[in-house]
1. Hey, residue B:113 hits all of (1) under 17 Å from the mean Cα position of the chain (by Cα); (2) surrounded by 20 or more Cβ atoms within 10 Å (Cβ to Cβ); (3) farther than 30 Å from residue A:10 by Cα but one; which does it fall short on?
2. Can you name the condition, by its number, that residue B:312 falls short on among (1) away from chain A (no Cβ under 14 Å); (2) in contact with a helix residue (DSSP H, G or I) (Cβ under 8 Å, 6 or more places away or on another chain); (3) under 29 Å from residue B:2 (Cα atoms)?
3. So how many residues does the range B:2-15 have that are out of contact with any helix residue (DSSP H, G or I) (no Cβ under 6 Å at 6 or more places or on another chain) and modelled with pLDDT of 80 or more?
4. Checking the condition part of a helix (DSSP H, G or I), within 23 Å of residue B:327 (Cβ to Cβ) and modelled with pLDDT under 85, which residue from B:23, B:65, B:75 passes?
5. Give the residue, chosen from B:419, B:453, B:424, that is part of a helix (DSSP H, G or I), surrounded by 22 or more Cβ atoms within 10 Å (Cβ to Cβ) and in contact with a helix residue (DSSP H, G or I) (Cβ under 9 Å, 6 or more places away or on another chain).
6. Only one residue in B:75, B:38 is without any contact (Cβ under 8 Å) to a residue 24 or more places away in the chain and touching a helix residue (DSSP H, G or I) at 6+ places or on another chain (Cβ under 9 Å). Which one?
7. Got a number for residues in the range A:49-74 being modelled with pLDDT of 95 or more and more than 17 Å from residue B:89 (Cα to Cα)?
8. Residues that are surrounded by fewer than 20 Cβ atoms within 10 Å (Cβ to Cβ) and in a helix (DSSP H, G or I): does the range B:275-284 have at least one?
């Protein structure tokens, strides 16, 4: 795997999985509320944004200008 | 209730108009145009088609009902698996597109056929996919019956089913996948708005987010995991379903409609934001726990009944139309995936120029059979639906092998799939629970082990296909 591909994979896949599973692990029995939501719901809602940020970063930094896009002529 | 029905009908008629408009744009001869839109869809169309497929009527009807009946852990794994599907999809679906492009594939089974030049592997994959795809149509029919009943029309199920089947058939008969794609845009806007409106109505009525959850807690709702088994099931289900997601046969069809790999990645970036409807959708589950305890024998009515409880009739018309359109759209794309598998992979040697006509007929036959089964034997398919993700996931090791592993053989993949399916059925019907881990994951482990061992013993057959990820 080329370096860019590896970094893209870490950003777009590894980080969101670790984020979600880490949250489930840490907050599994917690009854705290955040903005009125049970904390684990809130944590997953937060990842709706964070995942989009991760994917956008992976796109901007590693995927937008890789060899294949040059081939597609865009 | 009459205003709601008028609005409902007007919206459905309008989408039929969109279908005919889409029909004018399509290439009438080509099966590739019919099944995957000639691989021409742009970022925006792809975005709406994909999110449209993901949020079928099962989400709108099923998710609030599932949380109402199944509680906190259901809500967590459902939300987490979808958001991680997008994350994993960003990585895997461009590679699936590349395989489709490389082999000029229109169905999931086409990739297997071309990569290994193996007719028997193609058949095994197609049969497994069909076995689990067929019952998904039934889910859509049932969701529609729920919606129509909730509108106040206690029509017999067969009428609802015939209407749904007819509309889905009209959508795709004029232009294949192009009309569901266009209608998806319209439907997603209605549905997103409807869910947000219902959610806001709930939060206003109970006085905010915290009172809603505290109120539900006072009625006995539990807002955390209760034990290790729930956590094991949640985590294993999230992993299984998020990785399987873009390998579902009808999602592969959607991936194939894209213009390029880059188009998929671009569309993929914003899909998690579509999930912002869930904080509103989930409000209906907890509202129902507080105010609508009588729903416990039909939890699927949670969303619609909550909406009717809080909002005026004309708004209900929009909401019901959005829900029904989700069902029609998913039904039509599933029909296309089924037709593609039957015409290209099951029936031998249908010439390319006749495939579109054959597909049209297959869609009709498939819809009629599903309608009959839904009405006549409503419980027959339930077991297959419960095992569907476990079943579909047995295709995943094979797809990964095509993309990444040079040494996998057709026999290895076939043996893996057969063993995996057997294990799914044994665990499911034998009610065998291993630390509450999702049976699909356990079956996938058996599947991969079989794949590796059998491939090692059948290395002679290797035709040295380059793994898709290595193509440039």
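The values are calculated or read from the model by the stated rules, or taken from the named source; none is laboratory data. Keep in mind that what you see is a predicted model, and the values were worked out from it rather than measured. Cβ placement follows ideal geometry from the backbone for every residue including glycine, while neighbour counts extend to all protein chains displayed.
1. Unmet condition: (1).
2. (2)
3. Quick first cut of the range B:2-15, residues out of contact with any helix residue (DSSP H, G or I) (no Cβ under 6 Å at 6 or more places or on another chain) only: B:2, B:5-6, B:9-10, B:12-14.
Checking the rest, the ones that are also modelled with pLDDT of 80 or more come to B:5-6, B:9-10, B:12-14.
The number of residues fulfilling the criteria is 7.
4. Numbers: B:65 fails: modelled with pLDDT under 85; B:75 fails: modelled with pLDDT under 85.
Among B:23, B:65, B:75, only B:23 is part of a helix (DSSP H, G or I), within 23 Å of residue B:327 (Cβ to Cβ) and modelled with pLDDT under 85.
5. On the way: B:419 fails: surrounded by 22 or more Cβ atoms within 10 Å (Cβ to Cβ); B:453 fails: surrounded by 22 or more Cβ atoms within 10 Å (Cβ to Cβ).
Among B:419, B:453, B:424, only B:424 is part of a helix (DSSP H, G or I), surrounded by 22 or more Cβ atoms within 10 Å (Cβ to Cβ) and in contact with a helix residue (DSSP H, G or I) (Cβ under 9 Å, 6 or more places away or on another chain).
6. Numbers: B:75 fails: without any contact (Cβ under 8 Å) to a residue 24 or more places away in the chain.
One residue alone meets the criteria, B:38.
7. Here the count works out to 0.
8. Taking the range B:275-284 as the starting set, the residues that turn out to be surrounded by fewer than 20 Cβ atoms within 10 Å (Cβ to Cβ) are B:276, B:280.
Subset that is in a helix (DSSP H, G or I): B:276, B:280.
Yes, some residue in the range B:275-284 is surrounded by fewer than 20 Cβ atoms within 10 Å (Cβ to Cβ) and in a helix (DSSP H, G or I).
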